[in-house]
Amino acid sequence: MDGNAPDPKYWERMGLVAAVLKAVEGPIYLATHVDPDGDAIGSSLGLYRALKALGKDARWVADPPRFLRFLPKEEEYSDPVEKLPPGATLVALDSAEPSRVVGVPVEGFVINIDHHGTNPRFGHLAVVDPSKAATAQMVKDLIDLLGVEWTAEIATPVLTGILTDTGNFRFANTTPEVLKVAAELVGYGVKLAELTDRLQFRPPSYFRLMGQVLSTVAFHFGGLLVTAHLPEGAGGEEDSDDFVGLIRYVEGSVVSVFLRRREEGVKVSIRSRGGVSAQNIALRLGGGGHVPAAGATLKGVDLDRAYELVLEAVQEELKRAGYL
């Protein structure tokens with residue numbers, strides 16, 4: 001089966017997840033992936049609030065990046081745990097593989113809800129549908145099946161996940177279906193203009209860092225690939241997630257790659273268009289993700305070696321796609 005194909009049993013599986021969550025009497029932990037983005041935070045927080053509205057013992061374990069910390073309330077955070085209590089259920093959201101889940105061990109009864117084609121369908125119940133624009137879109141369907149009354153408080157993080165994963169409806173995953181879902185969510189009282197504006201807020205340090213990152217921009221393969229990296233000692237690790245999205249708009253490019261050095265290696269963020277698969281590039285580098293957006297972590301290498309590996313992987317993909 002094509003890992004990127006829609007799940008033909010999507011509604012059947014999602015209905016089963018809803019039935020299980022309704023029946024669960026023990027604690028339900030909601031967790032997502034390391035370095036969470038808007039979809040990770042939005043989908044998990046939205047489902048958490050829906051489960052709380054059902055009277056469930058739900059616990060949200062997440063560490064939002066700075067630009068998303070306006071969404072949760074202080075009392076909604078739960079501390080990470082090393083072991084789940086007996087009878088606990090884990091809902092892993094937007095996590096392409098078990099090793100990506102952070103803050104909670106992947107144990108107990110595991111429900112896996114995700115839209116990454118590279119997801120191995122782990123867990124006791126797995127609903128993975130790469131045709132969905134965001135995991136938050138899937139959570140919208142699940143909350144409908146749970147029969148929870150929609151409020152602006154529940155709808156806002158869910159719409160946040162959709163907005164961020166579609167690039168405010170600019171990316172190719174913006175389908176008529178997801179636009180209809182977004183319209184429904186706005187109808188539940190989400191203040192759309194206020195939300196979209198707030199999602200663009202960045203600290204002053206971000207704009208100072210931007211200048212340093214843009215000084216590293218380089219072009220490869222006749223401009224088909226644009227790269228940049230976080231300079232050594234620049235700091236601002238948390239503020240750097242947006243930069244791959246910034247350089248992707250270089251005219252004539254079909255691939256953009258942003259690299260940043262970490263203790264364990266080099267994190268690589270990839271975006272693509274025009275029939276080029278970021279997913280294929282990431283898989284060659286030991287990572288995963290979507291066709292237009294993916295990533296990997298190159299462990300035990302320095303920045304120079306990471307660039308070499310990236311260029312090799314991109315070159316292979318450009319040849320496959322007929323650009324070279």
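The values are calculated or read from the model by the stated rules, or taken from the named source; none is laboratory data. Nothing here was measured: the structure is a model prediction, and the numbers come from that model. Positions of Cβ are generated from backbone atoms using ideal geometry, with glycine treated the same way; all protein chains shown enter the neighbour counts. Only protein heavy atoms, including side chains, enter the accessible area calculation; ligands, DNA and RNA are left aside. Shrake-Rupley method; radii C 1.70, N 1.55, O 1.52, S 1.80 Å.
Quick notes on this structure:
- Zone of LEU311's modelled label, taken as backbone nitrogen in the stretch 204-243 under 14 Å from a point 7 Å along Cα→Cβ: 218-228
- In order along the stretch 3-17, the Karplus-derived 3J(HN,Hα) couplings, from 6.51 cos²θ - 1.76 cosθ + 1.60 at θ = phi - 60°, round to x, 9, 7, x, 7, x, 10, 3, 5, 5, 5, 5, x, 5, 4 Hz, and Gly and Pro are given as x.
- Listed pairs LYS56/LYS140; LYS132/LYS319; LYS140/LYS191 exceeding 24 Å between Cα atoms: LYS132/LYS319
- What the pair-distance distribution of the chain shows, using all Cα-Cα distances binned every 20 Å from zero, is 32, 58, 9 percent.
- The stretch 258-298, accessible surface, carbon-and-sulfur percent (1.4 angstrom probe): 49 percent
- For the stretch 165-292, the alpha-carbon radius of gyration amounts to 1.19 times the rule-of-thumb value 2.2 N^0.38 Å expected for a compact globular protein.
- Cα-projected label distance for ASP79 with GLN200, points at 7 Å along beta-carbon direction, nm: 4.0 nm
- Note that the chain presents 44 Å² accessible area per residue, ligands and nucleic acids not counted, probe 1.4 Å.
- With Cα atoms as the point set, the stretch 260-324 shows a radius of gyration and Dmax of 11.3, 36 Å.
- Between ALA62 and SER78, the built amide H atoms are under 5 Å apart, and every one of these is 5 or more places off in sequence or on another chain.
- The stretch 1-125 - percent of accessible surface contributed by carbon and sulfur, probe 1.4 Å: 52 percent
- Using the Cβ-Cβ distance between VAL250 and LEU54 with R0 set to 35 Å, the FRET efficiency works out to roughly 0.15.
- Under 13 Å from the Cα of LYS83 - aspartates and glutamates, other chains or at least 8 residues apart: GLU107
- Added length on full extension, which subtracts the Cα-Cα distance from 0.36 nm per residue, GLU232 to SER99: 45.2 nm
- For the stretch 25-40, 3J(HN,Hα) per residue [Karplus equation, 6.51 cos²θ - 1.76 cosθ + 1.60, θ = phi - 60°, Hz, x = Gly/Pro]: 10, x, x, 10, 9, 10, 9, 9, 8, 4, 6, x, 9, x, 5, 4
- Less than 5 angstrom separates the built amide H of HIS229 from those of THR216, LEU259, all sequence-distant by 5 or more or on a different chain.
- Average Cα contact separation per residue, the stretch 1-135, under 8 Å, 6 or more apart, as relative contact order %: 30 percent
- Where labels lie 7 Å past Cα in the beta-carbon direction, separation of ALA19 and ASN168 in nm: 4.3 nm
- Over the stretch 219-324, relative contact order from alpha-carbon pairs under 8 Å, at least 6 apart, %: 20 percent
- Phi to ³J(HN,Hα) by Karplus 6.51 cos²θ - 1.76 cosθ + 1.60 over the stretch 125-131, Hz, x for Gly, Pro: 10, 10, 10, 10, 9, x, 6
- Sequence ranges 77-86, 10-19, ranked by mean other-Cβ count within 10 angstrom, highest first: 10-19, 77-86
- Relative contact order (%) - the chain, alpha-carbon pairs under 8 angstrom, separation at least six: 13 percent
- Residues whose amide H lies under 5 Å from that of VAL301, counting only those 5 or more places away or on a different chain, are VAL266; hydrogens are built 1.01 Å from N in the peptide plane.
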